[in-house]
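The values are calculated or read from the model by the stated rules, or taken from the named source; none is laboratory data. Just so you know, these numbers come straight off a predicted model, no measurement behind them. Every residue, glycine among them, receives a Cβ derived from its backbone with ideal geometry; neighbour counts consider all protein chains shown.
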Amino acid sequence: MRLKIQDYRRKPFHPSQYVLDEGLQYAVELAIALGQPLLLTGEPGTGKTKLAYKVAYDLAQDKSAGVQFLSDPLSFYTKTTSAARDLFYTYDALGHFQSANIKREDGTALAKTGDFIELQALGKAIALSYPDPQAHGNLLGSLVVDGPRSTVVLIDEIDKAPRDFPNDILNEIENLDFRIKELDNREFKHHDTQRIVVIMTSNSEKNLPDAFLRRCVFYHIPFPPSDQLFAIAKSQLGLEEQISPQQEKVLNRLIEYFYKVREVAVRKPPATAELIAWLNMMGLPMDLKSDDLAAVQPLLLRNLSLLVKTREDLNAIRKWMNEEFVDWLG
């Protein structure tokens, strides 16, 4: 049997496709107005990380505030080994040591310490607020701008960091300054002519210290209700302007089925990302014509692996489909 190659890969996400509900929009605007970090929680797949791209994109289009934002966020992806310094800069001590040894052997001039230091997300944001950011030279890495910029900084999955990490960055985030000790304790301080919008994501606020939480605007993104999920699916599938009444009926029925799968799943309910991939394979936006799910039950079963990611969930949903699916259809 030969493999059949089809192309159902998702199109790259564009921030304009992000569906922003009223509560979340207000939380973003509140964080910007107060100059406080926005802390987002919510189950995986509810759009916490992508919100930073939406905010950066929208602010870059808006010239009314008299500042120019970068159109993409400066991102920091938290690890279990992250230290506070990593949010601002990294220093390649090993590379510096090896370079120094080589230079001594061949008699050439030693490289500068700054050649082995690169600013990271919040460090870049602070440096970009300077009237002439390019004066920082190699510290900005490959980032090139022709003047000061306001920025959105994404600190993703901050709950992954060691317990001390949030407390260690409290003052720096509040005051927007830091020092590089390897450069004779050189200080970088935010120029308040530019804005820095900090968005942090977490799968749970329970692991974060109270002192840290007090300094944040907090918003929990609930899993979208059916009408919002319908709007998200239309946007992600490119159906905003061309959906037919029948396609709308099919999409609504498949979303009903998706919610039932979430209800039956015992370990890991599928999220929005799984829904979009599954809808593509189910024949949307164009191919699936009937909203009679009984007629496409084999297709539903075949594509379950896109929705569920554990053996327990797969067994639970197969059991439900074999025993109760027809009754659920009514």
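Quick grid of which residues meet (1) of a type in the set (Val, Ile, Thr); (2) at pLDDT 95 or above:
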residue: Ile32; (1), (2): yes, yes
residue: Leu39; (1), (2): no, yes
residue: Glu43; (1), (2): no, no
residue: Tyr53; (1), (2): no, yes
residue: Asp72; (1), (2): no, yes
residue: Tyr77; (1), (2): no, yes
residue: His96; (1), (2): no, no
residue: Ala100; (1), (2): no, no
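Being at pLDDT 90 or above, small (Gly, Ala, Ser) and assigned to a helix (DSSP H, G or I) holds for only one residue in Ala273, Ala316, Ala294, and it is Ala316. If only one of Phe212, Phe218 is among the aromatic types (Phe, Trp, Tyr) and within 24 Å of Tyr18 (Cα to Cα), which one is it? Result of the check over Phe212, Phe218: Phe218. The condition of being closer than 27 Å to Lys48 by Cα and either without any contact (Cβ under 8 Å) to a residue 24 or more places away in the chain or of a type in the set (A, V, I, L, M, F, W, C) (or both) holds for Leu251.
Of all residues in region 127-137, those satisfying the criterion of being in a helix (DSSP H, G or I), surrounded by 13 or more Cβ atoms within 10 Å (Cβ to Cβ) and out of contact with any Ser or Thr (no Cβ under 9 Å at 6 or more places or on another chain) are Ala127, Pro133, Gln134, His136.
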